[in-house]
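Here the structure comes first, spelled out in structure tokens, and everything after it is commentary.
The values are calculated or read from the model by the stated rules, or taken from the named source; none is laboratory data. Being a predicted model, the structure only gives us computed values, none of them experimental. In this analysis, Cβ positions are derived from the backbone assuming ideal geometry, glycine residues included, and neighbour counts consider all displayed protein chains. These area figures cover heavy atoms from the full protein model, side chains too; ligands, DNA and RNA do not enter into them. Shrake-Rupley method; radii C 1.70, N 1.55, O 1.52, S 1.80 Å.
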Amino acid sequence: MVAYTDKIKEISRRLLKECQVEMVIGFRKGTLPMMNEPCFVKNPEDVDQLVWDSNCGINLANYLTNRGEKIGIIAKGCDSRNIVTHIIENKIKREQLVIIGVPCDGMIDRRRIIRMYSEEILEVEETGGKIIVKGADFEDTLKKADVLQQNCAVCIHRNPVIHDELVADPVAEQKDVDRYADIREIEAMDPEQKWDYFENLLSACIRCYACRNACPLCYCPTCFVDESRPQWVGKSQNPMDVRTFHFLRAFHCAGRCTDCGACERACPVGINMRVFTKKLEKDSFEQFGWEAGLSLDERPPLDTYKPGDPDDFIK
Amino acid sequence: MEHMGIEPGRIQFSWVSSAESTKFVDVVNEVTATVKKLGPSNNFVKTKVKVA
Ligand code: SF4
Ligand code: SF4
């Protein structure tokens, strides 16, 4: 990870010095352990704040929307796919970007680690596949592979799909992962069980919209939940309103979501709302053979028509 | 929608041209029959907040 960080600093410094970009978007250490924060570096002197480790789960493509300047951006596999989606959707131009690709071996699940200990975690370090957790009077070593974020554990696009620079050699992609086990479990339920499952899932939602804000796909100037003329959805904590927000948000991400996990990561109450978007991601894959953001040359299935598109739901 | 617990059959899609009046009637009959069979929807109902 130190090697990654050094390389990121080196590339960023060069890009800024040579004025190839006006700013580099990357990560710096957060104020709490396991909480890196996005950071925008505009001067070569400031590149030393940049870091890379297993806590860079935020999706940086989120910060590219409608930017006008030339930008260097650090991109792991999923970020790069969201950058592709941004380019396809005309939210940024390819020429504006210098993509600094980071072959990724997964981000760690902060919540899971915190839950494992009764005491407060004060420091977390990592070396070669091991995570060392330290508190006031304990220290423990975990295997990184055991504490990955759920979406990272089943990720099959760890290497950036587009990049101009690469900070390290590509990592091996995971093979034979069962990406949709959780979704199949829900699909196997009967309607009543499904209803209750989601009722239970969303019962803690406070409608802070952090999941929406963290997602690079959600860039509309006025979101449908904020609109009041007309008001599409009630603004209350009523379970129906909450559910409407969630399934409509998911529909808006259909065929675009890369399962980057930024939404789940952002939720203050720990709701896995990815079970909505992932169902649509699964459908896109199974019905259209589509995985979002893999290529600049292909239009997403929901904005093209192909004679072979499935239509058996229409009577 | 079915993924989150709406019964299959409650939501239906069809394509009816303005010239296909008989198809329209058939579709309406079929949809109402299926939905009647499912009975009233208990889910996805927004109840008014009770004010004391
Ligand atoms: S919906 Fe969630 S997982 Fe999908 S792209 Fe947005 S933030 Fe990433
Ligand atoms: S981030 Fe969590 S609490 Fe906030 S709106 Fe999304 S699901 Fe609800």
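Any residue in the stretch B:34-44 that is modelled with pLDDT of 85 or more and at the interface with chain A (Cβ under 9 Å from one of its Cβ atoms)? No: the stretch B:34-44 contains no residue that is modelled with pLDDT of 85 or more and at the interface with chain A (Cβ under 9 Å from one of its Cβ atoms). Among the numbered conditions (1) in contact (Cβ under 8 Å) with a residue 12 or more places away in the chain; (2) part of a loop (DSSP other than H, G, I, E, B); (3) not basic (Lys, Arg), the only one that residue A:284 does not meet is (2). Filtered by the rule that a residue be outside any helix (DSSP H, G or I) and open to solvent by 10 Å² or more (accessible area, probe 1.4 Å), the stretch A:56-80 gives A:58, A:65, A:66, A:67, A:68, A:69, A:70. Selection of helices (runs of 4 or more DSSP H) fully inside the stretch A:204-275 by the criterion of at least 3 residues being open to solvent by less than 20 Å² (accessible area, probe 1.4 Å) returns A:239-252.
Any residue that is among the basic types (Lys, Arg) and within 13 Å of ligand 2 (Cβ to nearest atom) - is there at least one of those in the stretch A:226-234? No, the stretch A:226-234 contains no residue that is among the basic types (Lys, Arg) and within 13 Å of ligand 2 (Cβ to nearest atom). The set of residues in the stretch A:169-190 being outside any loop (DSSP other than H, G, I, E, B) and of a type in the set (D, E, K, R) consists of A:182, A:184, A:185, A:187. Residue pairs whose Cβ atoms lie under 6 Å apart, sitting 6 or more positions apart in sequence or on different chains, and linking a residue in the stretch A:237-257 that is at positive phi and away from chain B (no Cβ under 13 Å) to a partner that is more than 10 Å from ligand 1 (Cβ to nearest atom) and assigned to a helix (DSSP H, G or I), are A:255/A:284; A:255/A:301; A:255/A:302. The lone criterion from (1) over 29 Å from residue A:111 (Cβ atoms); (2) touching a helix residue (DSSP H, G or I) at 6+ places or on another chain (Cβ under 9 Å); (3) away from chain B (no Cβ under 13 Å) left unmet by residue A:297 is number (2). Once the stretch A:256-315 is narrowed to residues that are acidic (Asp, Glu) and under 15 Å from the mean Cα position of the chain (by Cα), the residue that is nearest to ligand 1 (Cβ to nearest atom) is A:259.
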